[in-house]
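Take a look at the structure below.
What follows draws every value from the coordinates through simple rules; no lab data is involved. As the structure is a prediction and not an experimental result, all values here were calculated from the model. Counting neighbours? That spans all protein chains shown, and the Cβs are built from the backbone with ideal geometry, glycine included.
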Amino acid sequence: MRAHKSQFGITFLGFLMVIVVLSFFAYAAMKLVPVYSEYFGVVKSMKMVQSQPGIENKSIDEIRQMMNVQFDLQYVNEKDVPMNSIQLITGSGQRSLRVAYQVDVPFIYNVDLLVKFDKTVDLTHGATY
């Protein structure tokens, strides 16, 4: 007599459910990867400006102009990161450059993803925090 072996695997309906869940997360990733790629360009631009000699004595307008040039080099869209989101924070002998902005990404029908970014670098000592 032969022993009856049980089968292992996934049903077609189970397979479709896995595909739907994976597709949802893949679609979300396709929408969010460009936003985070742009953020990494913003961070790189801030570090390039931070490393400029004499940056601790520059005005906010000069820093914004330098950031604008770096944004062009890093393919940062000015619509997503407006120039007024670049702030110079001064106090107790410290100068910091802060870029805070948010991006509204259309997702599905009337559902949007809101992604907020806030990065600060120290212009006095060149340290990042």
## Note on the structure
So the angle from the long Cα axis of helix 12-50 to the longest Cα principal axis of the chain, reported in degrees to the nearest 10, equals 10 degrees
### Message
Within 10 Å of each candidate Cβ there may be at most 12 other Cβ atoms; applying that plus a DSSP loop requirement, which chymotrypsin sites (Phe, Trp or Tyr not before Pro) in segment 1-74 survive?
### Response
8
### Query
Setting aside same-chain residues fewer than 8 positions from residue 79, which lysines have a Cα under 28 Å from its Cα?
31, 44, 47, 58, 116, 119
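Take the Cβ-Cβ distance between residue 32 and residue 11 as r, set R0 to 41 Å, and report the resulting FRET efficiency rounded to the nearest 0.05.
It comes out at approximately 0.85.
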### Query
Quick one: helix 60-73 against the long Cα principal axis of the chain, what's the angle to the nearest 10°, folded into 0 to 90?
40 degrees
### Query
Which of the following values of semi-axes √(5λ) of the Cα gyration tensor in Å was calculated from the structure shown: (i) 30, 14, 13; (ii) 48, 17, 12; (iii) 22, 19, 16?
(ii)
### Task
With a point put 7 Å past each Cα toward its Cβ, work out how far residue 22 is from residue 48 in nm, to one decimal.
3.9 nm
### Query
Hey, what number do you get for the chain at 222 nm if only DSSP H runs of n ≥ 4 count, each worth -39500 (n - 2.57), divided across all residues, to the nearest 500?
-14500 deg cm²/dmol
### Query
Between segment 36-60 and segment 7-24, what's the alpha-carbon centroid distance in Å?
46 Å
### Task
Could you work out which residue, out of 84, 68, 110, moves most in a Gaussian network model of the chain, that is, has the largest mean-square fluctuation with Cα springs under 10 Å?
110
